[in-house]
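S.K.: For reference, the structure I am asking about is given below.
What follows draws every value from the coordinates through simple rules; no lab data is involved. Please read all numbers here as calculations on a predicted model, not as lab measurements. Cβ coordinates were reconstructed from backbone atoms using ideal geometry, including for glycine residues, and neighbour counts include every protein chain displayed.
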Amino acid sequence: MSGASKPGILGIFPYLDDLLRALKHLKSSGIPVHTVFSPTPRHEIQEILGLKPSPVRFFTLVGGTLGVAAGISLASYAHLQWEFVTGGKPVLAWIPFVIVGFEFTILFGVLFTLGALLFKSRLPKLRLPNYYDPRFSGDRFGVFVSCSDSERERTRKVLKENGAEEVHDVV
Amino acid sequence: MMSSEFPSNPKNQPEETPGGSTGIPRWLIVFFWVFFVLGAAVFIGSVGGSQSQRAWQAYLINFVFFTGLSFGAVLFVAVLNMTNAVWGRPLKRLAESLGAFVPVSFVLFWVLYFGKDWIFPWIAHPVQGKEVWLNAPFLFARNGLGLFVLSGTALALLHQSLRRGENITGQMNPAAFPEGPNPSWRRQVLLSPIFGILYAVVLSLFAFDLIMSLDPHWLSTLFGAYYFIGSFYSALAAILFLAALGRKPLGLEKFILPRHFHDLGKLLLGFCLITGDFFYSQFLVIWYGNLPEETRYVILRVRETNWEPVAWTVLILSFAIPFVFLLSQKIKMIPAAMLALAALILGGMWLERFLLVVPSLWKENFFPFGVVEIAITAGFLGVFALCVIFFLQKFPLLPFSDPLFRKAIEGGDYE
Amino acid sequence: MEGFTYRDVNQEILRTLSPARKPYYLLVALLFLTVVYAASCWAYQILTGMGVAGVMHPVNWGIYLVNFVFWVGIAHSGTLISAILYLLRARWRTSIARSAEAMTVFAVMIAGLFPFIHLGRVWIFYWIIPYPNQRNLWPNFQSPLVFDMIAISTYLTVSFLFWYTGMIPDLAAVRDRTTGLRQKVYRILSLGWIGSHHQWRHYTGAYLLFAALATPLVISVHSVVSWDFALSIVPGWHSTIFAPYFVAGAIHSGLAMVLTLLIPLRRIFRFEKFITMETLESIAKTIIFTGLIVGYAYGVEFFIAWYSGNMAERDTFIWRAIGHYAYAFWIMVVCNSIVPLAFFFKRLRTRISSLLVVSIFVNIGMWYERFVIIVGSMAHEYNPYSWGYYSPTWIELSIMAGSFCLFLFLFFLFVKFLPSVSITEIKESLRPPMREKSKA
């Protein structure tokens, strides 16, 4: 994730079922997987790696709540500055302020979600990691295991057994 | 090939379809008969005497609530057909059962004729300029015709859906899927959009004639749509209620899964928001324009001492609470929680119809909610439930003749 | 899309980004010149004054506002397709979502220009922005025009971010297949995306939330625009049905614009395998639905205008049908609610020519609908003494032509430099490559 260069082993898979099997074997052999690459999101990968749904939605909730508060406070503050009665309507009327609050809710919600996405994914990143292969955005899956020299052979064996098309040493 | 994917039949013999005379306990049927008799008795007893106004009000509220709900359920079936949706197929028959009330509502409509003097203020005080539209014969003729046409289309749709199931009532094994060309499916697909259009037009007419005209000087262009969208919302809640309540007794646990509750819950959330949005659209425009002929209706309902609490109750029960709880994925998957939520929504929407109808008619000081209203509501509920039960007992609980249901089964959705 | 592999998807879509031929550059240059011409007309208007536009008492809102509402409406179906259909898990949305979102972003940008264009003193536009200032000037938050400003800017921001975020994995795919300067640009645009499981995990969560947030936004934005009119008490405007009526109308015109744009796109880029007849047919069916809603609204408005007994209201509606602007009214009714009924016939909704023709009619009809509502009502309010007419001048028509050309110009740039079909989503809709074929 962080650090654009790490030593380890990279396996490239053309088929999804091979990849999933390899992941299961790596898990059962106790080899920690650093990164799995795929051209599309796959829930099977998330399940095998035991990951829970993304926490981005909490940021959204915070953003949305902040938004409605911000919208209504802004409108109320502005109206309290001059206290005009316009069109016979009360100075602070919740009925139109609902609209302002609502729009701000969506705006802040979206901004916070985007922020959370970028923050959690460590984007934007200037340099791609040295274990990235351009085919991963095409039609290949990949597994990168960050390991020391002693582990290399074992990892290479597991990957090769499960149908890895290529296995690279990354230094 | 099909039998291996079909949920296994443990007794391995064709046995009674869930439903039939099993599944639905006898005492429940008796219970609803009691409701009906009680309601009818109180109604007939009240209309002669001093409680006439209350009786007719209660009748009207229940009529518009249950009729709208029933047609809304049929609309759900029509929408499933039009969108070729596969997810909702197991719910189709349950939704159709809620539509069984439709022919009864046609009969109940004509009873309103006898109460027209208590219900429609413009009979005693005709409104100048509107007499050509607001007069009793024309109103009953057009609404009766509309109800007739809409009911007819609904029943035709239901008939086509049930047709091919005749010879397999009582069986739940894979050989039940009929083979060969399926003209009844094509007819359902043809009838569904026709029903959809008629639903919008006829229910709008009901709303304008039976509810909006109770205050003949008031108007709102969105009112018709508000009524039929609210009815659809109630219908979704009712389908959810029936699915949650009936899945175990009717033996449908293998077909109606938590993810169906999740999907139905999402739909319910969507329509909660839409109904709320329609309410707000009317409220904002009327508030902002501040025209007395429009605001009188709203002010009466949200400011006057009698009605203000009802307005807040409706807002909380029908919109606020469902909105909050339906956001959570976990809650949507628990049938018991959804049952409670659906009940809340149904209660809230009933009160909403109460709020639309009663303040226009009730001029006394005390709040008109007592034995009369409860009994008549119970009576309607009894009739409605009996229609549903009758349907569920007579017809197979899963839409075997529906090709999309077959697609769902063969797609391994129910392993 | 049977038999398509991931590699095929990449190739098919990315070949549209290869350098273009002469006709493309010619067309783009022509569009750009028209935009420059329209911009100079606007400059002329700023220098000379609003008198060069046809707006004057009693019709103070002319075709600038008609275009504003028209473009905001077009924008809505893009978000409908990408956000709402995503939530409803409709399969037919996948191949058209990206172009539809692009259409949304460009349409909102253009719509946002029109309030500026129809402002007399454009240079003080910033007075409507609510920031603390030494004049202690604040906008009136109860005014629908301020709602408009907030809603439109929110919509522009959100739809742009939604569109851009959706493109990040695709931009990475382009980056990985180009070299040189182009690669540098795409590298920056794709923000360093690598498609790791960490990134996908947050991405899918965020995308769902974007869709869930964009959905109520779509409905609220055009409701807010409709309230520009409904919150007044002008006869023909003060009507509670405006919010859903406008939203349905927006989707109606937007879907028609989607058809008008995508049918040529599909032909030119040979995207028939992605943008299938099933997709086009689904759009056509949705157009029937929105057309019926719009027709229903017309009917109800007329009925209630009569029912109200209000003389001004009744007269406005009669005048719309038989008065000075009757031609616009009948174009509106026929093109919006009657012509789309043709799609009830399967033959007509599966043939390219009829799809294109009907969509163009609907676009014209929806433009005239805004014209009838805005100009028609203002020309014929309560007081007969103040009734008047309005005709657009050449300046207004030039700027309107410029807006259409600007839209096409941006769209043309989009299809050549960015993937116009979502590579990732198409791949998601296919079967993943499996060694054991039966497993998928």
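S.K.: Once the dipole of chain C is set up with Lys and Arg at +1 and Asp and Glu at -1 on Cβ about the Cα centre, which of C:Tyr64, C:Leu348, C:Phe229 lies farthest towards its positive end?
M.R.: Farthest towards the positive end: C:Leu348.
S.K.: Could you tell me what a quarter of the Cα convex hull surface of segment A:42-171 works out to, in nm² with one decimal place? Walk me through the intermediate numbers first.
M.R.: Working: hull surface 51.8 nm².
Hull-based average projected area comes out at 12.9 nm².
S.K.: Now, a different point. Determine the calculated [θ] at 222 nm for chain A from helices alone, applying -39500 (n - 2.57) to every DSSP H run no shorter than 4 residues and normalising by the residue count; nearest 500 deg cm²/dmol. Mind showing how you got there, number by number?
M.R.: Working: 5 runs with 86 residues, N = 171.
That calculation yields -17000 deg cm²/dmol at 222 nm.
S.K.: Now, a different point. Averaged across the residues of B:279-292, what count of C-beta atoms belonging to other chains lies within 10 Å of each residue's C-beta?
M.R.: Details: counts 0, 6, 12, 3, 3, 11, 13, 2, 5, 13, 10, 4, 3, 0.
Mean shielding count: 6.
S.K.: To continue, here is another question. Determine, for A:Thr65, C:Thr393, C:Thr179, the number of other Cβ atoms within 10 Å of each Cβ, and report the residues in order from fewest to most. Numbers along the way, then the final one.
M.R.: On the way: A:Thr65 14, C:Thr393 17, C:Thr179 8.
Going from sparsest to densest Cβ surroundings: C:Thr179, A:Thr65, C:Thr393.
S.K.: Which of the residue pairs B:Lys330/C:Lys285; A:Lys52/B:Lys332; C:Lys184/C:Lys427 have a Cα-Cα distance greater than 27 Å in the structure shown?
M.R.: On the way: B:Lys330/C:Lys285 34 Å; A:Lys52/B:Lys332 19 Å; C:Lys184/C:Lys427 25 Å.
Cα-Cα > 27 Å for B:Lys330/C:Lys285; rest within.
S.K.: Suppose R0 equals 41 Å; then what is the FRET efficiency for C:Val185 and C:Lys346 from their Cβ-Cβ distance, rounded to the nearest 0.05? It would help to have the intermediate numbers written out before the result.
M.R.: Working: r = 45 Å, r/R0 = 1.10.
Computed FRET efficiency for C:Val185 and C:Lys346: 0.35.
S.K.: Hey, could you get me the Stokes-Einstein D for the protein assembly as shown, Kirkwood radius over alpha-carbon pairs, 37 °C and 0.692 mPa s, rounded to whole µm² s⁻¹? Kindly include the intermediate steps, with their values, before the conclusion.
M.R.: Values: Rh = 31.2 Å.
It diffuses with D of about 105 µm²/s by this estimate.
S.K.: Taking K and R as +1 and D and E as -1, what net charge do the other residues with C-beta under 14 Å from the C-beta of C:Ile150 add up to? Kindly include the intermediate steps, with their values, before the conclusion.
M.R.: On the way: positive: none; negative: A:Glu103, C:Asp148, C:Asp228.
So the environment of C:Ile150 carries a net charge of -3.
S.K.: Right, next: With angles folded into 0 to 90 degrees, how steeply does helix C:352-371 sit against the dominant principal axis of chain C? Use alpha carbons for both and round to 10.
M.R.: Its long axis makes an angle of about 40 degrees.
S.K.: Suppose R0 equals 45 Å. What FRET efficiency, 1/(1 + (r/R0)^6) with r the Cβ-Cβ distance, do C:Arg121 and B:Phe367 give to the nearest 0.05?
M.R.: Given R0 = 45 Å and the Cβ-Cβ separation, E is 0.20.
S.K.: Follow-up question, since we're still on this one. Loop only per DSSP, at most 11 neighbouring Cβ atoms within 10 Å: give me the trypsin sites (Lys or Arg not before Pro) in segment C:1-81, ordered by residue number. Don't jump to the answer; show the numbers that get you there.
M.R.: Details: sites: C:Arg7, C:Arg15, C:Arg21; in loops: C:Arg21.
Loop-located and lightly packed - C:Arg21.
S.K.: Let me ask something else. Is there a simple number for the mean count of other chain Cβ atoms within 10 Å of the Cβ of residues in C:142-148, and what is it?
M.R.: Details: counts 16, 3, 4, 0, 5, 5, 0.
For this peptide, the per-residue mean of nearby foreign Cβ atoms is 5.
S.K.: Here's something else I'd like to know. Tell me, which longest segment in chain B has none of the trypsin sites (Lys or Arg not before Pro) that fall in DSSP loops with at most 16 further Cβ atoms within 10 Å? Numbers along the way, then the final one.
M.R.: Details: sites that count: B:Lys11, B:Lys254, B:Arg303, B:Lys363.
Between the exposed loop sites, the longest stretch runs B:12-253.
S.K.: Tell me the mean residue ellipticity at 222 nm calculated for chain B from its helices only (DSSP H runs of n ≥ 4, each -39500 (n - 2.57), averaged over every residue, nearest 500).
M.R.: Details: 18 runs with 281 residues, N = 415.
That calculation yields -22500 deg cm²/dmol at 222 nm.
S.K.: What are the chymotrypsin sites (Phe, Trp or Tyr not before Pro) within segment B:306-382 that DSSP puts in a loop, where the Cβ has at most 15 other Cβ atoms within 10 Å?
M.R.: Values: sites: B:Trp307, B:Trp312, B:Phe319, B:Phe323, B:Phe325, B:Trp350, B:Phe354, B:Trp362, B:Phe366, B:Phe369, B:Phe380; in loops: B:Trp307, B:Trp362, B:Phe366, B:Phe369.
When the chymotrypsin sites (Phe, Trp or Tyr not before Pro) of segment B:306-382 are filtered for loop state and at most 15 Cβ neighbours within 10 Å, B:Phe366, B:Phe369 remain.
S.K.: Whole Å is fine, so just give me how far the alpha carbon centre of segment B:343-401 lies from that of segment B:237-260.
M.R.: 21
S.K.: If you take each beta carbon of peptide B:188-197 and count the beta carbons of other chains within 10 angstrom, what is the mean?
M.R.: Working: counts 0, 0, 0, 0, 0, 5, 0, 0, 2, 3.
Partner Cβ neighbours, averaged per residue: 1.
S.K.: Separate question: When only C-alpha pairs under 8 Å and at least 6 residues apart count, what is the relative contact order of segment A:56-120, in percent?
M.R.: Over segment A:56-120, the number comes to 57 percent.
S.K.: When A:Thr60, B:Thr305 are ordered from fewest to most other Cβ atoms inside 10 Å of their Cβ, what list results? Write down the numbers at each step before the final one.
M.R.: Working: A:Thr60 24, B:Thr305 8.
Ascending Cβ contact count within 10 Å gives the list B:Thr305, A:Thr60.
S.K.: Right, something else. Provide the descending list of Cα extents for chain B along its principal axes, expressed in whole angstroms.
M.R.: 70, 42, 39 Å, listed from the longest principal axis down.
S.K.: Another one. Please report the relative contact order for chain B, taking Cα pairs under 8 Å with a sequence separation of at least 6, and give it as a percent rounded to a whole number. Kindly include the intermediate steps, with their values, before the conclusion.
M.R.: Numbers: 532 pairs, mean separation 149.1, N = 415.
Contact order relative to length: 36 percent.
S.K.: Now for a different question. Would you mind working out the magnitude of the charge dipole of the protein assembly as shown relative to its Cα centre, with +1 at each Lys and Arg C-beta and -1 at each Asp and Glu C-beta, to the nearest 20 Debye?
M.R.: With Lys and Arg at +1 and Asp and Glu at -1, about 2760 debye.
S.K.: Have a look at B:Leu317, B:Leu98, A:Ser137 and report the one farthest towards the positive end of the charge dipole of the protein assembly as shown, computed about the Cα centre with Cβ charges (Lys/Arg +1, Asp/Glu -1).
M.R.: The Cα lying farthest towards the positive end belongs to A:Ser137.
S.K.: Give the residue from C:Ile364, A:Gly115, B:Leu191 lying farthest towards the positive end of the charge dipole for the protein assembly as shown; charges sit on Cβ (+1 for Lys and Arg, -1 for Asp and Glu) and the dipole is referred to the Cα centre.
M.R.: Farthest towards the positive end: A:Gly115.
S.K.: Taking every eigenvalue of the Cα gyration tensor of segment A:56-120, multiplying by 5 and rooting it, what semi-axes result, largest first, whole Å?
M.R.: Numbers: eigenvalues 184, 17, 10 Å².
They are 30, 9, 7 Å, listed from largest to smallest.
S.K.: How far is helix A:56-82 tilted, in degrees, relative to the longest principal axis of the Cα atoms in chain A, given as a value from 0 to 90 rounded to the nearest 10?
M.R.: 20
S.K.: Next question, about the same structure. Please get the size of the charge dipole for segment B:253-306, origin at its Cα centre, with Cβ charges of +1 on Lys and Arg and -1 on Asp and Glu, quoted in debye to the nearest 20.
M.R.: Working: 6 positive and 6 negative charges, 37 e Å.
So the dipole magnitude of segment B:253-306 works out to roughly 180 debye.
S.K.: Moving to a separate point now. Using Cα positions and a limit of under 20 Å, work out the lysines in reach of B:Lys116, with same-chain residues fewer than 8 apart set aside.
M.R.: Candidates past the 8-residue exclusion: B:Lys130, B:Lys363.
S.K.: For chain C, what number results from the quotient of the Cα radius of gyration and 2.2 N^0.38 Å? Let's see the in-between values first.
M.R.: Working: Rg = 23.0 Å, N = 440, 2.2 N^0.38 = 22.2 Å.
Expressed relative to 2.2 N^0.38 Å, the Cα Rg reads 1.04.
S.K.: Rounded to the nearest 10 degrees, what's the angle between the helix B:183-206 long axis and the longest principal axis of chain B, both from Cα atoms, 0 to 90?
M.R.: 10
S.K.: Can you tell me the relative contact order of segment C:218-258? Whole percent, Cα pairs under 8 Å, sequence separation 6 or more.
M.R.: In percent, rounded to a whole number, it is 39.
S.K.: What does the charge count around C:Ile219 come to, taking other residues whose C-beta lies under 14 Å from its C-beta (Lys +1, Arg +1, Asp -1, Glu -1)? Intermediate values should be presented prior to the final figure.
M.R.: Numbers: positive: none; negative: A:Glu103, B:Asp277.
Its environment carries a net charge of -2.
S.K.: Would you please name the GluC sites (Glu not before Pro) within segment C:1-108 that are DSSP coil residues with at most 13 other C-beta atoms within 10 Å of their C-beta? Kindly include the intermediate steps, with their values, before the conclusion.
M.R.: Details: sites: C:Glu2, C:Glu12, C:Glu101; in loops: C:Glu2.
Of the GluC sites (Glu not before Pro), the ones in loops of segment C:1-108 whose Cβ has at most 13 other Cβ atoms within 10 Å are C:Glu2.
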